[in-house]
Amino acid sequence: MQLSNTAAVITGGASGLGEATARHFASQGAQVTLFDRNAERGEAVATEIGGTFIDTDVTDEASTQAAIDAARAQMGRITACVNCAGIAVGIKTTGRDGPHPLPAFQKTIDVNLVGSFNVARLAATAMATNEPEPDGARGVIINTASIAAFDGQKGQAAYAASKGGVVGMTLPMARDLASVGVRVMAIAPGLFLTPMLQGLPQEVQDQLAADVPNPARLGDPSEYARLAGFIVESGYLNGETIRIDGALRMR
């Protein structure tokens, strides 16, 4: 597979890692459809890169199926799916205000894990109808995990659990989809300069960057995007999670 002839759907494409991925893919000649809830920003990004935006709730089956159908109709096929939609909460298991609110935990799992699987399963079904390439390839799915899946910090029980689920489903999904020529990979980013971190005071950003061994800085979303592009084009990568974190191990 080459980015130049890829038809990709990217969730969370209106900002952060998803936006960077959409911009990179489009710059390499890929057709791109953005799924997001932020219609104003999503439409603006899609217009800038010559892509398409679809208002999509990744946790809702009907919304996601309609988006997949529309993306397929617009691009003619779907050969890549990059799941970047996600949320994070910082709440301890119990604290001054009592136990971790269950709805907050459930919503985090629903968006980050169930949402990723929902989009992936529907995208895979569409990919399975593609004409195979000479090596049998019909598509690739890239889900976004996090280094919190391996060494989550305090207050990250919900987030780490959701991302741990993304890591855990990578290999079995790859095995499930091997017969139809669809690969499944996950990327586990460390600390990236996304809107979530950009909202923090500069001194906090500097402290977080100082904790990264090498290079001692926050990751640039374009680095995630280039890794996603490399995965698309590297047909022997399958069933694995790749950390991109500057050797950071959270504690």
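Looking at the range 1-26 only, could you name the residues that are among the β-branched types (Val, Ile, Thr) and under 17 Å from Arg77 (Cα atoms)?
Within the range 1-26, Thr6, Val9, Ile10, Thr11 meet the criteria.
Determine the pairs where a residue that is closer than 14 Å to Ala20 by Cβ, located within the range 222-248, has a partner that is assigned to a helix (DSSP H, G or I) and small (Gly, Ala, Ser) with Cβ atoms under 7 Å apart, the partner being 6 or more residues away or on another chain.
Ser222/Ala20; Tyr224/Ala20; Ala225/Ala20
For the range 34-65, give me the residue count where each residue is among the small types (Gly, Ala, Ser) and out of contact with any Ser or Thr (no Cβ under 8 Å at 6 or more places or on another chain).
Selection size over the range 34-65: 5.
Consider Val114 against the criteria (1) in contact with a Ser or Thr (Cβ under 8 Å, 6 or more places away or on another chain); (2) surrounded by 22 or more Cβ atoms within 10 Å (Cβ to Cβ); (3) hydrophobic (A, V, I, L, M, F, W, C): it satisfies all of them except one. Which criterion is unmet?
That leaves (2) as the condition not met.
Pick out the one residue from Met185, Met169, Met196 that is in contact (Cβ under 8 Å) with a residue 24 or more places away in the chain and either among the hydroxyl-bearing types (Ser, Thr, Tyr) or assigned to a strand (DSSP E or B) (or both).
Met185 is the lone residue from the list that is in contact (Cβ under 8 Å) with a residue 24 or more places away in the chain and either among the hydroxyl-bearing types (Ser, Thr, Tyr) or assigned to a strand (DSSP E or B) (or both).
Report, by residue number, each residue of the range 103-119 that is of a type in the set (Lys, Arg) and closer than 9 Å to Val58 by Cα.
Those that are of a type in the set (Lys, Arg) and closer than 9 Å to Val58 by Cα: none in the range 103-119.
Condition first: out of contact with any helix residue (DSSP H, G or I) (no Cβ under 7 Å at 6 or more places or on another chain) and crowded, with 16+ Cβ neighbours inside 10 Å. Now tell me which residues in the range 128-142 satisfy that.
Matches in the range 128-142: Asn130, Ala137.
Run down Val167, Val180, Val212 and say which single residue is among the β-branched types (Val, Ile, Thr), more than 23 Å from Val32 (Cα to Cα) and over 18 Å from the mean Cα position of the chain (by Cα).
From the options Val167, Val180, Val212, the qualifying one is Val212.
If you take the residues in the range 6-57 that are among the aliphatic types (A, V, I, L, M) and either modelled with pLDDT under 95 or in contact with a Pro (Cβ under 6 Å, 6 or more places away or on another chain) (or both), which one is surrounded by the fewest Cβ atoms within 10 Å (Cβ to Cβ)?
It comes out as Ala20.
Exactly one of these conditions fails for Glu233: (1) on the phi < 0 side of the Ramachandran plot; (2) modelled with pLDDT under 95. Give me its number.
It is condition (2) that Glu233 fails.
Quick one: how many residues across the range 212-242 are of a type in the set (D, E, K, R) and in a helix (DSSP H, G or I)?
3
Taking the options Ala85, Ala67, name whichever one is in contact with a helix residue (DSSP H, G or I) (Cβ under 8 Å, 6 or more places away or on another chain), at pLDDT 95 or above and surrounded by 21 or more Cβ atoms within 10 Å (Cβ to Cβ).
Ala85
Which numbered condition trips up Met75, out of (1) at pLDDT below 95; (2) out of contact with any helix residue (DSSP H, G or I) (no Cβ under 6 Å at 6 or more places or on another chain)?
(1)
Kindly evaluate Glu203 against the criterion of being outside any loop (DSSP other than H, G, I, E, B) and over 22 Å from Thr21 (Cα atoms).
Yes; evaluated as a whole, the condition is true for this residue.
The values are calculated or read from the model by the stated rules, or taken from the named source; none is laboratory data. It should be emphasised that the depicted structure is a prediction, and the values quoted were computed from it without experimental measurement. As a convention, Cβ positions derive from the backbone with ideal geometry for all residues, glycine included, and neighbour counts pool all protein chains shown.
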